[in-house]
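Novice: I'd like to ask some things about the structure below.
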Amino acid sequence: MATAATPLEQVASKWWVPMLIGLLSVAAGILALAYQDITLLALGLILGIYILVFATFALVSAFEPGASTSHVVLRMIVGIVGILAGIMLIVRGVFEIALGWELHRLRAT
């Protein structure tokens, strides 16, 4: 019978996931320095997408077979709250883009 992998072994087998997240974070930092006038809006959208993806994975992992009840409940709470927070950040960002576009159109007339 095979022994279960420790959490460290599980992370080590998927080393590319933290590396990809780190590279995306560095790219977000470079974009923030390059486009300072829209930095907060862009970072809000990026953070909203990041939280939405993370929360989706947390919610999906809640249904992992053999997980204890406390882990299932905690993952479901984190997943649901994270999905709501991510959607709020994305919707607010899209709303601000639309508002800015409308104000730009009105100012041009």
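Novice: Kindly provide the set of residues from segment 40-63 that are open to solvent by 100 Å² or more (accessible area, probe 1.4 Å) and more than 11 Å from the chain's Cα centre (by Cα), ordered by number.
Specialist: 40, 63
Novice: Looking at segment 74-82, is at least one residue under 26 Å from residue 100 (Cβ atoms) and not small (Gly, Ala, Ser)?
Specialist: no
Novice: Which of the residues belonging to segment 73-109 are out of contact with any helix residue (DSSP H, G or I) (no Cβ under 9 Å at 6 or more places or on another chain), at pLDDT below 90 and part of a helix (DSSP H, G or I)?
Specialist: 95, 98, 99, 101, 102, 103, 104, 105, 106, 107, 108
Novice: Okay, next question. Could you check residue 70 against (1) farther than 20 Å from residue 97 by Cβ; (2) open to solvent by less than 70 Å² (accessible area, probe 1.4 Å); (3) of a type in the set (S, T, N, Q) and say which number it fails?
Specialist: Unmet condition: (2).
Novice: Could you list, in sequence order, the residues of segment 81-109 that are basic (Lys, Arg) and more than 27 Å from residue 59 (Cα to Cα)?
Specialist: Listed by number, the residues that qualify are 105, 107.
The values are calculated or read from the model by the stated rules, or taken from the named source; none is laboratory data. Predicted, not measured: the structure shown is a model, and the values here were computed from it. Cβ sites come from the backbone with ideal geometry, for glycine too, and all protein chains shown count toward neighbours. Keep in mind that these areas ignore ligands, DNA and RNA; they rest on the heavy atoms of the full protein, side chains included. Shrake-Rupley method; radii C 1.70, N 1.55, O 1.52, S 1.80 Å.
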